[in-house]
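Submitted below is the structure of interest, expressed as C-alpha cells.
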Protein chains: 2
Amino acid sequence: MGLTVGEVASLASVSVRTLHHYDDIGLLSPSERSEGGYRHYGDDDLATLQQVLFFRELGFGLGDIARIMHDPSFDRLEALRMQRRMLKDKSAQLGHMIEAVEAALDATEGGVTLDAKDMFEAFGDFDPKKHEKEAEDRWGGTPAYAESMRRTKRYTKEDWTQIKAEGEAVNAAMAALMDEGVPSDDPRALDLAEEHRLQIDKWFYPCSQEIHVGLGQMYVMDPRFAQNYEKVRVGLAQYMREAIEANAERAK
Amino acid sequence: MGLTVGEVASLASVSVRTLHHYDDIGLLSPSERSEGGYRHYGDDDLATLQQVLFFRELGFGLGDIARIMHDPSFDRLEALRMQRRMLKDKSAQLGHMIEAVEAALDATEGGVTLDAKDMFEAFGDFDPKKHEKEAEDRWGGTPAYAESMRRTKRYTKEDWTQIKAEGEAVNAAMAALMDEGVPSDDPRALDLAEEHRLQIDKWFYPCSQEIHVGLGQMYVMDPRFAQNYEKVRVGLAQYMREAIEANAERAK
DNA sequence: GTAGACCCTGACGTAACGTCAGGGTCAAGG
DNA sequence: CCTTGACCCTGACGTTACGTCAGGGTCTAC
C-alpha cells in the first residue's frame, strides 16, 4: 500500500519532478520504498505534502518550509491555523488587487490618469513579509536563530535524517537512564546532556553551557518543546533539564 | 520629470533589480533616460508596470507577459477585464483552499484521516493552466502561433526595439504613399507590402503569400489590429490590405 | 566642492524546478 | 514464463526570475 510518485503527482497537481525535488532536499521523503526503489507515499506523507503546498501557496521558500516543519516544536494544528489566517489575509489582498484593476478600468475608460500611489497599493504588504516575522516569533526568535537559519539552509536529506537519528539516540539513552532510576545528576546523564549540547553546537548554532541551560528550561516550560520529550517518556523533559544544569555546573 | 528606479521600486514594492531585469528583457523599458543614463519612468510606464504585475500575480511567465503586451493587437481595456476575471477566479480558488485548511483542521482535531482526493482538490485547476488557453484564443490561436511563440521567446530588448522600428518604418512609408495619392496597387506599395511580409517571416513565423493575405484581411476586420494601423493614418488598414493582395497576385 | 545617497552596467549566484539520457521495475497478456 | 509497454530510478545540465556583489559614474545638499 501507498501511492507511487505518479499517483501522488496527479492527485496533488504537482509534477513528478517536484516530488523528486522535495525528496532530494529532504522536505518530503516518502516513508517507504519498494524493494525496487520505488517511492511509496502513505497518508502521513500526503498530509505533509498538503502542508508544504499550503506554505508554498503562501509564498514561503522551500528552505523556510523545511526549517519550519523539521523544527522539533512544529505543531500541525498550529500551522494549519496560521495558514488559515494567512490565506484569509491573502484573499483580502487579492480583493484589493481586484479593486485596483477596477479602478484602472474606470480610469482608462474615462480617459483619466490616476494617482501613482493608489495604483500599486495592492502590491504592497505581501504575505511573506508580513508573516515571516510572525513565523519567526513563533518558531524561532532566539538570538542564535539567524545562525541556525544560515547553517540549516544547506542541509540535505541525509543531514536531516542523521540529525534526527542522533537526536533520538540521545533521547532514548536518556530515557533508559530514567527507567533504571539513575538520578539526573549521575555522570552518565551529564555525559548525555553534554552530547546533546554538542549536537546542537554541531548542527545548528554555537551552543554555550549558558545557552544550553536556557534551552533546558525551555524544554520544560514551553509545551511545544516539552511534548517532544514527554512523548518519549513522561518526565523526560524535566529530567533533561536537570541533567543539563548539572552538566553546566560540572563544566565550570 | 519622471520617477527614478528607486522611487518606482518602493512605490510598487518591487526591487530595483527587478526593474533593471524588466528593462533588460524588454518587458518594461522606461520611456526616458537622463543624460547621465538614469532611467526615468513616466505615467505610461507606471501603467505598463501595473499591467505586468497583475499578470505576474496571476502566474504568467515574464516571456508570456512580454509577448502579450508587445502584440500589436494588445488592448489595455481588454487585458484589464481579463485580469479582473482571472483574479476573481483565483480568489475563489483561494476560498477553496481555505476550506481545505479548515477541513484539515477539523480532521486533525477529531483524529480522523480524510480522503486523499479531497485534500488536494483546491490545488487543482490553477489559473495559468485554465486561462492560458483563453489568452491564446484571444491573442493568438493562429496556426503559426506556436512557431511565433518559440521564436519570440529568446528575443532581447534590442530585438524588440528593432522589430518595432522596422514595423513603423513600413507603416510610415505606406502612409506616405497614401498621402501622395498613390493607388494601393502601385509597385511601390506592393514592394512595401512584400517588405512587410518578409518582416513577419523573419521575426515571427514563416509567412507565405496566402497567410499574408489572410493577415491583411484581419487588419481590416479585427479592430484590435485595425486600430494599430488606423492610428497612423485613417484608412491605412484597408490600404495595406489592398497592397498585400496585389502583391500576392503579382508574386504568382 | 565634496560627501553621501543613488544610479549605472556587467557578471556571477540562487531557487525551484524542467527536461533529457540511460537504465531498471512491474503488472498484464500471450 | 516471458515479454512488452507504462512507469520508476538516478544523475546532470538547462531555465526563469531575479539576488547580490564589484567597480565606477551621477546628483544634490550643505
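The values are calculated or read from the model by the stated rules, or taken from the named source; none is laboratory data. Note that the coordinates shown come from a computational prediction; the quantities given were computed from them, not determined experimentally. FYI the Cβ positions are ideal-geometry reconstructions off the backbone, even for glycines, and counts take in every protein chain you see. When the accessible area is computed, the model is the full protein with side chains, heavy atoms only, and any ligands, DNA or RNA have been set aside. Shrake-Rupley method; radii C 1.70, N 1.55, O 1.52, S 1.80 Å.
Count, for each residue of A:2-12, the Cβ atoms from other chains sitting within 10 Å of its Cβ, then give me the mean as a whole number.
Mean partner-chain Cβ count within 10 Å for A:2-12: 2.
Just to be sure I understand the model, the point goes 7 Å from the Cα along the line to the Cβ. What's the resulting A:Phe74 to A:Glu166 distance in nm?
Distance between label points: 1.9 nm.
If you count, for every residue in B:75-87, the Cβ atoms of partner chains within 10 Å of its Cβ, what is the mean?
4
Among A:Gly111, A:Pro30, A:Leu94, whose Cα projects farthest towards the positive end of the dipole of region A:1-121, with charges put on the beta-carbon of Lys, Arg (+1) and Asp, Glu (-1)?
A:Pro30
What residues have an amide H closer than 5 Å to that of A:Glu32, excluding those fewer than 5 places away on the same chain, when H is modeled at 1.01 Å from N in the peptide plane?
Excluding prolines and chain starts, which carry no amide H, the hits are A:His40, A:Gly42.
A follow-up question, please. Ballpark to the nearest 100 Å², how much total accessible area do B and A bury together, probe 1.4 Å?
3800
What order, most packed first, do the peptides B:8-14, A:112-118 have when packing is the mean number of other Cβ atoms within 10 Å of each residue?
Going from most to least packed, we get B:8-14, A:112-118.
Using 1/(1 + (r/R0)^6) with R0 = 30 angstrom and r between the beta carbons of A:Ser34 and B:Thr108, what's the FRET efficiency to the nearest 0.05?
0.55
Relative to the isolated chain, which residues of region B:19-62 have their accessible area cut by 50 Å² or more in the presence of all protein chains (1.4 Å probe, heavy atoms, no ligands or nucleic acids)?
Correct list: B:Gln50, B:Phe54, B:Glu57.
Stokes-Einstein diffusion coefficient for region A:24-84 at 25 °C in a medium of 0.890 mPa s, Rh from the Kirkwood formula over Cα pairs: what value in µm²/s?
The calculation lands on 198 µm²/s.
Extending each Cα 7 Å along its Cβ direction at A:Glu158 and A:Ala251, get the distance between those two points in nm, one decimal.
Distance between the two pseudo-spin positions: 2.9 nm.
Can you pull the mean other chain C-beta count within 10 Å for peptide A:93-105?
6
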